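Here the structure is laid out as structure tokens; the discussion comes afterwards.
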Amino acid sequence: MRALLLVPAFLLVGCVSSPQPTVPLPIDYRLVETSQLWADLTDATSTRQIMNIEAELGVRGETSTGAEYLGRRTSASVGVASYLRSGGSTSDRDCSDFPSTADAQRFFLWNGGPALDPHGLDRDGDGYACEFGKTLLASVSRHKSKPVPPVRLSAPRVTSDQCFTGPRGGTYTITASGNKNYGGC
């Protein structure tokens, strides 16, 4: 006769593998139409998503559409060291390897950026490779509406030697205090 081995349930739980959380794959924005990229940029909620879309639009030479423009929500972080960077990189890629700063930014983001910078493309740690942030700042300065100076409403300046004709044919001048002087003409 065999002995039946009873194992407490709490010991069995450790043997069951728990499902690993799934990390969504990044969207390959190179395959998305430009008009859809602009719509996605307007609706984007994560900084990383915004950065990826802006890099792709920058590669395409797109800087604005309607009220949306590159850097509208990200330009404030340009030049702000937000990511820790080590002294050097072990990579063979540098900024001169890319046709534009937008191409460098796209490569940087697809290779761990902005959190990681294995190629040393974002030495100041602001999240923008090869000074792509300057491209964003230039876009903002071109597209951001400039404040309109306030309009001062004032009466036209009139000197006392001007003679005016009233509605009934009488003539008058305007005094320094703004009153009508009917005996001045």
(message) Whole-Hz ³J(HN,Hα) for each residue in the range 29-44, computed from phi via Karplus 6.51 cos²θ - 1.76 cosθ + 1.60 with θ = phi - 60°, x for glycine and proline: what do you get?
(response) 5, 5, 8, 9, 5, 4, 4, 6, 4, 5, 5, 5, 5, 5, 8, 4
(request) Using per-residue counts of other Cβ atoms within 10 Å, averaged over each peptide, order 56-62, 42-48, 126-132, 96-102 from highest down. (result) 126-132, 56-62, 96-102, 42-48
(message) Show me the three semi-axes of the equivalent ellipsoid for the range 27-143, from the C-alpha gyration tensor (sqrt of 5 times each eigenvalue), largest first, rounded to whole Å.
(response) 23, 15, 13
(request) Could you check the simple spin-label distance between L84 and A39, using points 7 Å along Cα→Cβ, in nm with one decimal? (result) 4.1 nm
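A short reminder: the numbers here are calculations on the coordinates, not readings from a lab. If you're wondering where the values come from, they're calculated on a predicted model, not measured in any experiment. Reconstructed Cβ throughout: ideal geometry from the backbone, glycine too, with neighbour counts over all protein chains shown.
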